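Beneath this line is the structure, given in structure tokens, with notes to follow.
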Number of protein chains: 2
Amino acid sequence: MDKAQQKISILGAGLVGSLLSISLAKRGYNVTIFERRPDMRKAGAIGGRSINLALSHRGLKALENVGLKDKIQESCIPMPGRMIHDVEGNLDFQPYGKEGEFINSVSRGGLNWLLMNEAEANGVQIMFEHKCIDVDFNTATSVFDNGNTAEADFLFGGDGAFSALRNAMQKTDRFNFSQEYISAGYKELTMPATANGDYAIDPSALHIWPRGEYMLIALPNLDKSFTCTLFFPFEGKTSFESIRTEADVEVFFHEKFKDAVPHLPNLKKEFLENPTSSLITVRCDPWVKGKTALIGDSAHAIVPFYGQGMNSGFEDCHVFDQLLEKHGKINDDLLKEYQALRIPDGNAIADLALYNFIEMRDKVADEKFVLQKKIEKKLNQLYPEKWIPLYSMVTFSDLRYSEAIARGNKQQAIMDDVLSRPAIEKDWKNLDFEAIIDEVHQ
Amino acid sequence: MDKAQQKISILGAGLVGSLLSISLAKRGYNVTIFERRPDMRKAGAIGGRSINLALSHRGLKALENVGLKDKIQESCIPMPGRMIHDVEGNLDFQPYGKEGEFINSVSRGGLNWLLMNEAEANGVQIMFEHKCIDVDFNTATSVFDNGNTAEADFLFGGDGAFSALRNAMQKTDRFNFSQEYISAGYKELTMPATANGDYAIDPSALHIWPRGEYMLIALPNLDKSFTCTLFFPFEGKTSFESIRTEADVEVFFHEKFKDAVPHLPNLKKEFLENPTSSLITVRCDPWVKGKTALIGDSAHAIVPFYGQGMNSGFEDCHVFDQLLEKHGKINDDLLKEYQALRIPDGNAIADLALYNFIEMRDKVADEKFVLQKKIEKKLNQLYPEKWIPLYSMVTFSDLRYSEAIARGNKQQAIMDDVLSRPAIEKDWKNLDFEAIIDEVHQ
């Protein structure tokens, strides 16, 4: 069959569904997206206060693959490092990578808007207010709550952590699935631009107030505001459950986030009224059933602490497009290869993201952690191919996540040993760096 | 409120739902069971070929608690050990425990029938052909596919591995859940009574043909037949996928289960026509939401290799009844204590059951395993309280599963060390048993 005649259905007009639709449309497929919500673009302009995300190498490479990298980088705010705020308000800037390496703060709404426009410009039809309620795996047919039915040659579930396609798969035999929530949730707070229209704090960093069991972070928006997010236990002594009144909020924030408070004029109201959201990790296997496949969060929803949710979903689209290049058309072999490649990587980034919560909320404030970063930076300068810090492998390379985690574990074992040496704080510059590199490649 | 006025709904008239209904009815509650299937008792007598299960100490204790132990033991066939069949047909009988300790082969259908009769005799109403499609957690209201609705004070989901109550819970925020299938499935085969009406093989054992990656087992039925179950990989070189014709079946069984073949007259037909079923492990947390709670397989479906699926579900009922004795009535505190006690035990028996597949299909044929059993038997004779083999803790005691797994791990580490000693095969009787016991209690 001529692939131009092949019909593709995609569930979800979010970031991943929209990007997938663009790459398939560019290859000549007849693509329709079914989105359960109304068209967000009709509700008016997406302001700077929409949630922002960290777009990095993998996501940008996937956007470059469909010719959208430059356009999207125009609305990105580069963040070359973390700015750590201690309890006294002292600042410590920690670069994420080498000179010239940075992650990007980007508006989820703005990016989604642009991707939907690009999808339509490439001939993709987006059907809004179509909530999928049933799926036939073998005929790639989707059934919607408004009574409509759509037949297709292949159906993709880009419909997020609570995917309708995955729910249908879960009812079939031998579908492995897990959903695990962490004990912390999150709440967004707004740090508006100052009276004279400037950023309240330095916009060229991702700000972190690490406090052990919890943390506050802030990412800059184009309108000079920041979106702050408090990651905080649901229950316990210091938790969403325990902080219930305006007085509680005031006391807690003054004690723990003193330097942020002057920049949070609506803190008390927002803390008490904004929703508290939970954080889920979803894993499943298989991702493919019949003529249907999961992609993005529907296959591997992860916690946000590595900034890789969107990036890993975009990379799914990129890998899929490379497989399409290789196989010539979508078929069962391609779908099998897609899941065989991406399931281990989805599991790896899920693990990394869970681990990075501990790193962000706790370890970044630790002297050993800072020392390790210094030693790893030196190793990377001396042996740029042989030692790449884990954060850089994940964020600034497109090494498979599963490979990054394996190399990262090996490097960490070596660093744990190095950091346990006596007087390492003083003597680290005299380390035998070549011997360390030899250990990695044993 | 007088507890006699409290209304209880139970989803599922299976083994656990029926037993729970009896213990609640005996305490004066007004209990209704809603079962999605028609009444199995109206379909005619339950024959010997219905699946049989291994009823052991925990299950019997729970039955004793409602006065049914003696009645049910009448239809039990005691199995004091495993009979191992090697490829040549040689037999090796391995006792499960001490003299007088045995597990019981019992018909699932027959036991269920009896429990439903007992439930009704105790005033429980069973509504058949009521498939639950929705639940209100806070009002314990269940909605059924036939349009009926039932209000209650508390609702229990005894509705098995694919529980409707759990499915409803899974859609709520912060519900942790996993379903994992193993790569093997199973198929039942019939070993009828001989022409002169006897058992074809020794009925006082659970028969195992351990073959490394797979195994055949057989449990006796009251009608002198055995129900055999082949646990076998779905895919791979030797698997359900690879054995497809009558000739394949014949060659394979003659090569691997030679001594069983003469007793399996319908082997080829049954192998090709009987269903192949999958094996799931379900874990979740919480088990309680509002006025509803999961019990049995709905909370902790496990693979069958420890013979503890029914026993653990019956123990849930027993523990619940003990908590009811303690709290005086069902309330939020009781439900909280129930899940706090039973979730770790559900996870422990799930792990033990997965591990025991390896033991049954592989290790029981191993000399070291047999030697370990001998040494452990000796230790248990000398120090009956201080060293109880793991199998005995699980099967012949009511020690918490989570405690059994902890003690079992400790004992296994000691045994691994003992078994690695040179010439242990010859010298084991000269071991310093007191020193071994001291290690356990360090």
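The values are calculated or read from the model by the stated rules, or taken from the named source; none is laboratory data. Source: prediction; values computed, not measured. So basically every Cβ, Gly included, is an ideal-geometry build from the backbone, and we count neighbours across all protein chains shown. Just the protein is used for accessible areas: all its heavy atoms, side chains included, with ligands, DNA and RNA removed. Shrake-Rupley method; radii C 1.70, N 1.55, O 1.52, S 1.80 Å.
Structural remarks
- Filtered residues of the stretch A:288-306 (kept if surrounded by fewer than 18 Cβ atoms within 10 Å (Cβ to Cβ) and touching an Asp or Glu at 6+ places or on another chain (Cβ under 6 Å)): none
- Checking each residue in the stretch B:374-398 for being part of a loop (DSSP other than H, G, I, E, B) and open to solvent by less than 10 Å² (accessible area, probe 1.4 Å) picks out only B:387.
- Every listed requirement among (1) more than 21 Å from residue B:60 (Cβ to Cβ); (2) in contact with a Cys (Cβ under 9 Å, 6 or more places away or on another chain) is met by residue B:300 save one, (1).
- Looking across A:313, A:309, one residue alone is open to solvent by 10 Å² or more (accessible area, probe 1.4 Å) and either modelled with pLDDT of 95 or more or of a type outside the set (Val, Ile, Thr) (or both). It is A:309.
- Residues satisfying the stated conditions in the stretch B:316-339, i.e. surrounded by 22 or more Cβ atoms within 10 Å (Cβ to Cβ) and in a loop (DSSP other than H, G, I, E, B): B:330
- In the stretch B:403-413, residue nearest to residue B:314 (Cα to Cα) [restricted to those that are within 24 Å of the chain's Cα centre (by Cα) and surrounded by fewer than 19 Cβ atoms within 10 Å (Cβ to Cβ)]: B:403
- Among the numbered conditions (1) outside the structural domain of residue B:322 (by TED's automatic domain parsing); (2) modelled with pLDDT under 95, the only one that residue B:90 does not meet is (2).
- Of everything in the stretch A:183-200 that is open to solvent by 40 Å² or more (accessible area, probe 1.4 Å) and within 14 Å of another protein chain (Cβ to nearest Cβ), the residue that is farthest from residue A:275 (Cα to Cα) is A:183.
- Positions within the stretch A:223-250 being assigned to a loop (DSSP other than H, G, I, E, B) and within 14 Å of chain B (Cβ to nearest Cβ), in sequence order: A:234, A:235, A:239, A:240, A:241
- When the stretch B:206-243 is limited to residues that are without any contact (Cβ under 8 Å) to a residue 12 or more places away in the chain and of a type in the set (D, E, K, R), the one that is nearest to residue B:359 (Cα to Cα) turns out to be B:237.
- Residues of the stretch B:171-182 satisfying the condition of being within 12 Å of residue A:181 (Cα to Cα) and either in a helix (DSSP H, G or I) or more than 7 Å from chain A (Cβ to nearest Cβ) (or both): B:172, B:175
- Checking every residue in the stretch A:201-214 against the condition of being at pLDDT 95 or above and surrounded by fewer than 17 Cβ atoms within 10 Å (Cβ to Cβ) gives at least one match.
- Of residues in the stretch B:183-216 being part of a loop (DSSP other than H, G, I, E, B) and of a type in the set (S, T, N, Q), the one farthest from residue B:261 (Cα to Cα): B:204
- Being part of a loop (DSSP other than H, G, I, E, B), more than 14 Å from chain B (Cβ to nearest Cβ) and without any contact (Cβ under 8 Å) to a residue 12 or more places away in the chain holds for only one residue in A:129, A:99, and it is A:99.
- Residues of the stretch A:108-136 satisfying the condition of being modelled with pLDDT of 95 or more and open to solvent by less than 30 Å² (accessible area, probe 1.4 Å): A:111, A:112, A:115, A:116, A:119, A:124, A:126, A:130, A:132, A:135
- Each residue in the stretch B:150-170 was checked for being open to solvent by 40 Å² or more (accessible area, probe 1.4 Å) and either within 12 Å of chain A (Cβ to nearest Cβ) or among the hydroxyl-bearing types (Ser, Thr, Tyr) (or both), and 2 pass.
- In the stretch A:414-442, the residue that is nearest to the chain's Cα centre (by Cα) out of those that are open to solvent by less than 60 Å² (accessible area, probe 1.4 Å) and either without any contact (Cβ under 8 Å) to a residue 24 or more places away in the chain or farther than 17 Å from residue A:370 by Cα (or both) is A:440.
- Taking each residue of the stretch A:187-205 that is within 22 Å of residue A:56 (Cα to Cα) and looking for partners that are charged (D, E, K, R) and part of a strand (DSSP E or B) with beta-carbon atoms closer than 9 Å, six or more apart or interchain, yields A:205/A:82.
- Answer from A:357, A:369 - the residue that is open to solvent by less than 60 Å² (accessible area, probe 1.4 Å) and touching a strand residue (DSSP E or B) at 6+ places or on another chain (Cβ under 8 Å): A:357
- The C-beta contact set for the stretch A:256-278 (first residue within 14 Å of chain B (Cβ to nearest Cβ) and closer than 22 Å to residue A:304 by Cβ, second residue of a type outside the set (Ser, Thr, Tyr) and outside any loop (DSSP other than H, G, I, E, B), distance under 7 angstrom, 6+ apart or interchain) comprises A:276/A:185; A:276/A:187; A:277/A:185; A:278/A:185.
- Residue B:285 being farther than 19 Å from residue B:357 by Cα, surrounded by fewer than 23 Cβ atoms within 10 Å (Cβ to Cβ) and modelled with pLDDT of 95 or more: yes
- Flag for residue A:351 being open to solvent by 50 Å² or more (accessible area, probe 1.4 Å) and part of a helix (DSSP H, G or I): yes
- The set of residues from the stretch B:263-277 being under 18 Å from residue B:217 (Cβ atoms) and assigned to a helix (DSSP H, G or I) comprises B:263, B:267, B:270, B:271.
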